[in-house]
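Written out below as structure tokens is the structure these notes cover.
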């Protein structure tokens with residue numbers, strides 16, 4: 001913990017990003033924590049907005065103790081704002097309008113990203129740029145680097161097996177577009193990630209490649225500090241709550257994997273069923289050609305089966321395009337979450353090791369050295385961020401799956417309704433009394 | 001057959017006619033809807049003739065099946081199924097019935113009955129028996145003749161066969177049929193004593209006739225073509241239907257896996273748990289619903305199979321016609337050649353080759369007395385031939401008339417039955433869709449509560 005007394009954060013007001021020190025900044029001063037508005041020399045580089053430096057919508061001074069742990073209380077405040085649907089939203093991002101670009105070296109798809117915002121971080125109220133998948137990939141990597149204590153949403157799978165899936169088919173592009181849109185919206189909804197400088201650049205820069213080249217400069221202090229926590233430290237035991245999260249994620253990923261396999265199997269069986277139906281229906285037509293009085297009824301049955309086949313084809317397409325990708329995304333999500341958990345373990349392990357080392361050195365009195373405190377801050381910040389993100393993740397997971405599964409049920413209901421209509425409509429045809437020829 | 005078991009109410013409508021196979025055969029037959037009347041509701045006609053064995057309206061049912069063991073003709077032990085046939089006579093209009101006969105028969109005896117009917121009523125489209133061995137099965141269905149589901153479906157098929165025979169205006173009056181239902185012991189001997197096996201046309205003869213006949217009635221040629229096509233298309237339909245059933249079974253059953261995984265997943269969830277768990281239950285219900293659905297569909301398949309086998313019966317009538325026609329053509333040809341021979345002998349000119357003529361040339365002329373004798377013999381033969389030809393022609397015409405009447409009756413029956421079958425199939429599909437909507441709606445509600 002910092003040596004200074006907890007102080008309230010100064011009223012921040014419109015401010016350049018570059019002026020705000022991050023609580024985890026590796027400064028030699030013990031007063032690094034707190035809203036010190038004079039930038040120390042090594043903080044001139046732009047950094048990402050830390051939890052403490054958030055501009056509150058009403059511009060007021062946040063009450064409450066200004067310690068690293070208070071970042072989560074800030075978060076809570078903001079989360080309340082999130083719940084008021086759209087009213088206090090000040091950032092809207094959409095992904096649409098996929099276009100194919102054919103160049104000499106390669107062919108690829110770009111998507112239009114439209115941003116509307118009243119935030120001061122954006123110079124203009126509206127932006128429209130074009131990005132391709134590898135730009136999204138770059139963004140995600142940057143976010144992971146610069147915000148290692150947070151859960152970064154997943155991207156749709158990078159590689160597709162050529163020949164099996166047509167990368168340029170309408171269905172594939174649309175599926176990807178939806179996933180990319182979801183990716184950006186998740187970041188938009190995140191109170192910390194949405195203020196990330198890389199995100200801003202992604203949304204606004206005319207030439208992203210130029211920015212990519214100077215990428216190193218945008219790495220935040222947090223990123224730096226956590227990045228330096230490399231292996232070598234072994235965690236003795238995960239705290240209960242994080243162990244629980246870890247176990248949950250393991251089982252969750254397992255169950256999702258099973259559901260993915262079941263869903264794929266169902267689609268496979270349905271396609272095989274469809275193949276047989278496509279042969280079945282026409283046989284009634286063939287029969288109809290032999291008959292007199294029965295010709296119309298048999299032809300009717302043939303047409304009916306044809307309609308059911310079409311309905312079934314639509315069902316399998318929907319499930320393939322809408323259901324499976326979301327499932328896969330969540331599996332990727334939980335995988336990346338598990339790595340964040342491991343990083344957290346690393347930070348804790350370093351702290352505990354350093355603490356232990358100090359305890360063994362009999363020279364020091366109860367005074368705790370600065371770098372151990374730094375480790376402790378780091379760890380507690382990480383824990384707070386992670387816990388907050390987990391809670392947020394659990395909520396949106398619940399919404400997402402509710403929607404996903406209800407969607408699955410809906411598609412099946414629609415399929416049966418189409419078939420029902422087809423069969424009910426031929427009953428009168430079958431019952432028709434033919435007049436004597 | 002709409003659904004199993006068929007309506008046991010089968011009042012016999014005795015029509016005033018004689019079975020053609022009997023020595024005192026009549027010539028006219030009554031056709032049309034009223035002869036089919038035994039299938040519809042309606043008061044029984046009280047007309048009786050001396051060959052009407054059914055003095056009252058009757059109900060026939062094959063009510064039970066039982067596994068038996070016995071010794072066969074080679075004195076080896078065998079297992080077979082016996083079926084209980086019960087005949088009830090309906091005493092009053094209000095349907096009070098009294099059990100008049102009850103006996104056990106096995107499948108081979110049904111076959112014997114049918115073979116007898118085929119021989120004695122060649123102009124009738126004889127109702128078929130249910131299949132001897134299970135065919136067109138989809139994987140879950142057993143091909144084993146002893147399988148209880150197969151036995152059950154066969155029981156229904158045999159009952160259907162008896163009802164069809166009993167409601168046929170001509171076949172119902174047959175004595176052997178009557179004895180089949182009433183005389184348990186000794187029936188086999190009685191049938192065999194009719195010597196019907198000897199009267200049967202050989203397949204070889206029939207095949208020969210089919211190829212060589214010159215002038216068959218066009219309608220029969222068309223009918224034969226139709227029955228070939230019908231057989232082909234229904235076989236194809238049944239084969240594909242079996243594959244469709246197989247696939248549908250797979251789709252439903254895999255959904256059952258959702259039940260288990262949702263349950264396991266719900267264990268680690270707090271708010272989502274209940275919704276997932278109950279949704280999983282609905283997936284189990286969905287998966288298990290397919291068994292009943294497909295069982296019902298087997299009845300539809302059986303209805304199609306009956307008409308698949310009926311196609312064979314139609315062909316049999318056509319074959320008989322071809323045989324008779326060929327016979328007629330051969331007799332006419334024979335007569336013509338004899339006439340020619342006679343003429344040649346009388347005029348002394350030899351236009352046609354004859355062995356006698358040849359040998360006469362080689363070994364010397366015959367005497368005028370010899371020639372006279374030969375002419376006389378030929379003239380007798382020609383006379384006989386002309387009589388035979390006349391009666392063969394008559395028989396042929398009778399056959400065509402009566403067969404065509406029964407074929408018309410059959411066509412009406414076929415159109416009616418198959419329409420009913422298609423309607424019941426559509427109803428089954430509608431029921432399946434409604435169940436599907438119900439289950440998924442329930443599941444959706446559970447998901448909404450997650």
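The values are calculated or read from the model by the stated rules, or taken from the named source; none is laboratory data. Keep in mind the model is a prediction, meaning the values are calculated, not measured. Don't worry about glycine lacking a Cβ; one is built from the backbone with ideal geometry, like all the others, and counts go over all protein chains shown.
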Looking only at residues that are touching a helix residue (DSSP H, G or I) at 6+ places or on another chain (Cβ under 7 Å) and more than 21 Å from residue B:235 (Cβ to Cβ) in the stretch A:279-310, which one is nearest to the other protein chains (Cβ to nearest Cβ)?
A:293
Got a sec? Which of A:389, A:400, A:335, A:410 is more than 30 Å from residue A:277 (Cβ to Cβ), within 14 Å of chain B (Cβ to nearest Cβ) and either touching a residue at least 24 places away in the same chain (Cβ under 8 Å) or not in a loop (DSSP other than H, G, I, E, B) (or both)?
A:400
Subset of the stretch B:69-100 (residues that are modelled with pLDDT under 85 and within 21 Å of residue B:182 (Cβ to Cβ))
B:89, B:90, B:91, B:96, B:97, B:98, B:99, B:100
Go through (1) facing another protein chain (nearest Cβ under 8 Å); (2) farther than 30 Å from residue A:341 by Cβ and name the single condition residue A:432 misses.
(1)
Would it be correct to say that residue A:405 is at pLDDT 90 or above and either within 12 Å of chain B (Cβ to nearest Cβ) or more than 22 Å from the chain's Cα centre (by Cα) (or both)?
yes
Residue selected from the stretch B:218-237 under the condition in contact with a helix residue (DSSP H, G or I) (Cβ under 6 Å, 6 or more places away or on another chain) and farther than 15 Å from residue B:316 by Cα, by the criterion farthest from the other protein chains (Cβ to nearest Cβ):
B:234
Would you check if residue A:246 is under 30 Å from residue B:413 (Cβ atoms), more than 9 Å from every other protein chain (Cβ to nearest Cβ) and in a helix (DSSP H, G or I)?
no
Residues within the stretch B:398-450 that are buried (at least 16 other Cβ atoms within 10 Å of the Cβ), without any contact (Cβ under 8 Å) to a residue 12 or more places away in the chain, more than 7 Å from chain A (Cβ to nearest Cβ) and more than 34 Å from the chain's Cα centre (by Cα), tallied
1
Of the conditions (1) farther than 21 Å from residue B:246 by Cβ; (2) part of a helix (DSSP H, G or I), the single one that residue A:284 does not satisfy is (1)
For the subset of the stretch B:274-309 comprising residues that are away from chain A (no Cβ under 14 Å) and under 15 Å from the mean Cα position of the chain (by Cα), which member is surrounded by the most Cβ atoms within 10 Å (Cβ to Cβ)?
B:306
Among the residues of the stretch A:259-271, which ones are within 7 Å of chain B (Cβ to nearest Cβ), over 21 Å from the mean Cα position of the chain (by Cα) and either in contact (Cβ under 8 Å) with a residue 24 or more places away in the chain or surrounded by 17 or more Cβ atoms within 10 Å (Cβ to Cβ) (or both)?
A:262, A:266, A:269, A:270
Does residue B:326 count as at pLDDT 90 or above and under 30 Å from residue B:139 (Cβ atoms)?
no
Scan of the stretch B:333-355 for residues that are surrounded by 14 or more Cβ atoms within 10 Å (Cβ to Cβ) and at pLDDT below 70, ordered by number:
B:350, B:354
Does residue B:139 count as part of a loop (DSSP other than H, G, I, E, B) and within 15 Å of the chain's Cα centre (by Cα)?
no
Residue by residue through the stretch B:264-273, note down the ones that are crowded, with 20+ Cβ neighbours inside 10 Å and more than 7 Å from chain A (Cβ to nearest Cβ).
B:266, B:269
Of all the residues that make up the stretch B:238-263, how many are within 7 Å of chain A (Cβ to nearest Cβ) and farther than 19 Å from residue A:265 by Cα?
2
Would you call residue A:356 at the interface with chain B (Cβ under 9 Å from one of its Cβ atoms) and either more than 30 Å from the chain's Cα centre (by Cα) or free of Cβ contacts under 8 Å to residues at least 12 places away in the same chain (or both)?
no
